Each structure stands twice: as C-alpha cells, then as structure tokens.
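The values are calculated or read from the model by the stated rules, or taken from the named source; none is laboratory data. The shown structure was predicted, so the numbers you read here are calculated from the model rather than taken from an experiment. Cβ: placed from backbone, ideal geometry, glycine included. Neighbour counts: every protein chain shown. Quick note on the areas: whole protein, heavy atoms, side chains included, nothing else; ligands and nucleic acids left out. Shrake-Rupley method; radii C 1.70, N 1.55, O 1.52, S 1.80 Å.
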Amino acid sequence: GSCFTRARLGGAPGPLSWPAAPLEGPQDTTLLFESRFESGNLQKAIKVGPYEYVLMLRPDLYTAKHTQWFYFRVQNMRQEPLYRFTIANMAKPKSLYGQGLRPLLYSQQDAQSCGIGWRRVGTDIRYCCGSAGEPPLFRLSWTVRFPHDGDTCFFAAGYPYTYSELQRYLRRLAADPARSRFCTVQALCRSLAGNRVYLLTITGPGGTAGKRVVVASARVHPGESGGSWAMRGFLDFLLSAHADAQLLRCLFVFKVVPMLNPDGVVVGNSRCSLAGQDPNRAYGMALPGSFPGVWHLRAMVQRVLAEQEVVLYCDFHGHSRKNNVFMYGCDAGGDGTGTRLRQRVFPLMLSKNAPDKFSFSSCKFQVQKSKERTGRVSMWRLGVSHSYTLEVAFSGSTLGGRKSHFSVQDLESLGRLLCDTLLDFCDPAPAKLQQCLVEADALLQRQVGREPGSGGSWSDVSLSELES
C-alpha cells in the first residue's frame, strides 16, 4: 500500500511527459535524461558540447538546499565517445569525491547479458568550488565511456535502496514460514504522504518477558542508502538459522525500523522529509504531525523503557566526508571513569571484529549542542546508556591494507559484524569486555598525555581534550 511512489511532486502515477529535447533523427547523439522514478534526482541537463553535459540536482522538496544525492537514467548513448558530466550545484564544501570516490553506473544490457550490476566508473573526477554565492555551490565532474551503443544506463551517488525494495523484502519475509515465526511486521505509523513506516519485532521462543531490548533504525536521511544495505545485512543475519542468530533471538527482543523517512527516499531527497526539514534534528519535539516516524520511534522506546532495559540503540547512517565505518556515541563530560570507558567499549569491540572496515580512531563521543535533537542523543537522554550512530562512508575503507570502495556485500557484512559485537558485549564471561575496558583506558590515558598504568582518573578531563 504505497501512497507515494514517484520522484515528483505529489507522486502522480500517470504517464511521464516526453523529454524536453526530442531527438531529431537516428543520427542525433543527444543524450536523453530521466529521473521521474522512485528515488530519482536530477532537475536539469544542459548540453554544452557534443558529448558534454552540465547537470543540476533538485534540492530536497520544500527547501532550497541539500543537493547531494543523485540517481538518473541516460539513453541514446554511443559506445566510443568520452562523455563528460558536471553536476554544478553540489552543496557540501568537502566530499569524498576529492579522495577517490567514484560515481556508480548500472547498464541494463550488462545486467541482462552478463549479470553485472552497479559498478564504480569515472576518470578525471574533480570536486571543486563552482560558485561563490550564498550559500556557495560546488561542482562534481567526471568522464566516462558507456559500455554499449543504445543502452539504458543509470548513474547514482550510492547503491540505491528504495522504499519498494524494502516492501518486497518484507513480503518475502512474511511468505517465509521459517523466518516469519520469530518476526512480526507492523506499521509504527504513517508518513506525511501516507506511506507505512514499518516496525519489525524479532525475538525467539518464550516471548518478550524478561528479555533486554535492542533498538535499530535506518534511513532517517534518505540520501544515505548505504545505511539500508547495512540494515539489510543486520536483518538477514538476525533472521537466519545461524547458531549465533538463534542465541541473539533467545537473549533479546529486537525492535527495528528499517526506513524512518520513506517519503524522502521515494522523492530522492538527500536529507529531509516532506516537512522540508531534517527529521534527525526533530527528536524530542512534540510534533507528531510533522515528523511522525521519529516521534513514534521515540514514543515506542519510552514505552519499552518503562518495562524493560534497552541495552543498545543504533541508528544507521552514511557519511560523505570521511572514509571507513565509525560511530558517534554520547559522553556528557561529567560522567565517572567507568561510564566514560563503557561508552567507548562497544565501538572498540566492533573495530576488532571489523579491522578492515571500522575505525575506532574516527569515533566521536561529544554531545554537541547542534546534535541535541538527534536520535542518538535523544535515546541516550531517555535512559539508553549505549546509544550510537553508525556512520558508513559513501566510499570505502583505508584500513588493513585496503583502499577500495565498499561493495554491497561489504555493507551487508556490517550488520552481521554488529550482531557479533553485541554477543561479545553482553557475554556472561566478561574476558573480552574486560580486555577492551583496559585498552580503552590506556588509549584515553595516552590521549591526555599520561603513561598507561600510571594511575589517576581522567573522568574530569574535558571532551575537547579527549577528542582533539
């Protein structure tokens, strides 16, 4: 029951209008562009040379900013020429495109004949300031050769994961007699456009009584599609027959909201919902009519906390300026040494389970004033002592000898690694936990210029010192 399934205002289901520049004949080499499909984003394409185009992205609906996510179709290409594309209105002053990130290309011919899906392409990639206005705009440009004449191809900023893809996943889950036994799917609420925001409750035999709870969410920012692939890996593992998955279901109740902002995903926004504002700055605001997904998620966690312990909250995101995978946590600065250590232990354990992907040195724990209304900080203030944002780079890893883009398989593996770390973190035999507590203490002692083991507390050390 989708009410809103097109990347155009109103989600109108009718036929598309013809392209703005119809071809003059079979010899016309003008490319044909289209983005009026689910999660699509391209506002305008201007031909400035025989094989060169300047592109403009559509800002998030009801805003004049947040141009980052792109996803569009190209037709009528030739195989031989070297094409150049320039997106002239990117919003962020810094981007991983300046550090080796490449756009994604999907060829329908290659997919049908060779089974090749999305792949990284592009040469001579540049990211630079393009306009000194207010706010300034930035230009992303790349060159590419298409694999076939007359193909249908798509470009995207990240591996697309649409609302319809989530719905197909949930239908397959409901039709699977094995997995549906321990997973209940219900509507947490309806979005502004009437789309369901789904809540999955996953647990094993014996129901929920006496079990601790883990809460996970994703896609509050629609342009961070890597978060959905990590969430998919998380769900795939939790719902599998693996012995560790069975143990997790016996120990915990999982409350999962896999797509908090379906409207933003559908229309191809980068950051906002149809309220025209960032919903990850709206937790704690009494505005269920404007931000239904985050409001109902927070209310659900409040209800759970009245009866059970929430051992972990994790919100899956993507990051456009830093490589690797890392976490943001919550350290108020006045907590005792033990509390400040335990804030850092879960990310440290995850870095040991994913040494080629997860960077503990990139993690931050300061609660900045600008982040007070984020999901992570809001849940922590409610009483979830271990509340994190999982940040997945748009690009890839620079760890363990790697210097490569993340594949879909890499992103999905993060979900399984998060589950492994949860078992380590909650293991009744605390050897790994104690080892990581000692290591975290040593790391922080070095951070403030002390020799590990020299004694003394750093519980009164400022966060700016710890994270400088």
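A few remarks follow.
- Among (1) 126; (2) 147; (3) 165, the entry derived from the coordinates for volume of the Cα convex hull per residue in Å³: (3)
- If the chain linking R402 and T63 were pulled fully straight, counting 0.36 nm for each residue of separation and taking away their Cα-Cα distance, it would gain 118.2 nm.
- Between amide H atoms placed 1.01 Å from N, distances below 5 Å from D151 occur with N76, M77, all of them 5 or more places distant or on a separate chain.
- Relative contact order of the chain: 14 percent, from C-alpha pairs under 8 Å at least 6 residues apart in sequence.
- Electrostatic tally near Y161: other residues with Cβ closer than 9 Å to its Cβ, Lys and Arg +1, Asp and Glu -1, net +1.
- Taking the C-alpha atoms only, the angle from helix 408-425 to the longest principal axis of the chain is near 10 degrees.
- Degrees between helix 292-305 axis and first principal axis of the chain (Cα, 0 to 90, nearest 10): 20 degrees
- Separation of alpha-carbon centers, the range 386-444 and the range 256-327, rounded to whole Å: 22 Å
- Estimated at 0.36 nm per residue, the fully extended path between Q302 and R446 surpasses their Cα-Cα distance by 48.0 nm.
- The range 231-245 - phi-based ³J(HN,Hα) in whole Hz, Karplus 6.51/-1.76/1.60, Gly and Pro as x: 4, 4, x, 4, 5, 4, 5, 4, 8, 8, 8, 4, 4, 5, 5
- Prolate/oblate/rounded call for the range 200-306, Cα gyration tensor, a/c under 1.5 rounded: oblate
- Per residue value of the accessible surface for the range 163-448 (all protein chains in place, 1.4 Å probe), Å²: 36 Å²
- Counting only DSSP beta bridges with both residues in the chain, the antiparallel share comes to about 65 percent.
- Each of V438 and Q108 was given a label point 7 Å from its Cα along the Cα-to-Cβ line. The distance between the two points is 6.1 nm.
- On full extension, the segment bounded by S385 and K44 gains 118.1 nm, given 0.36 nm per residue less the C-alpha separation.
- With a simple spin-label model that places each label point 7 Å from the Cα along the Cα-to-Cβ direction, the separation between T30 and S240 comes to 5.1 nm.
- Taking a straight Cα-Cα cut-off under 26 Å and skipping sequence neighbours fewer than 8 places away in the same chain, the lysines within cross-link reach of K403 are K92, K94, K322, K352, K357, K364.
- For the range 130-202 and the range 56-106, distance of Cα centres in Å: 17 Å
- Label-to-label distance, A429 versus Q99, with points set 7 angstrom from Cα along the beta-carbon direction: 3.9 nm.
- Three-way shape label, the range 245-317, alpha-carbon gyration tensor, a/c 1.5: oblate
- If R0 is taken as 30 Å, the Cβ-Cβ distance between R168 and A132 corresponds to a FRET efficiency of 0.10.
- Shape analysis of the range 229-384 places it in the rounded category; the axes a ≥ b ≥ c from the Cα gyration tensor give an a/c below 1.5.
- Across the range 55-60, computed HN-Hα scalar couplings (Karplus, 6.51 cos²θ - 1.76 cosθ + 1.60, θ = phi - 60°) run 10, 10, 8, 7, x, 3 Hz from first to last residue, x flagging Gly and Pro.
- Solvent-accessible area of W380, all protein chains in place: 40 Å² (probe radius 1.4 Å, heavy atoms, ligands and nucleic acids excluded).
- Listed by chain and number, the aspartates and glutamates whose C-alpha is less than 20 Å from the C-alpha of K371, apart from same-chain residues fewer than 8 away, are E224, D278, D315, D331, D335, E391, E465, E467.
- Residue-averaged [θ]222 nm for the chain, counting only DSSP H segments that reach four residues, each worth -39500 (n - 2.57): -8000 deg cm²/dmol
- Within the accessible surface of the chain, defined with a 1.4 Å probe on protein heavy atoms only, the carbon and sulfur portion equals 52 percent.
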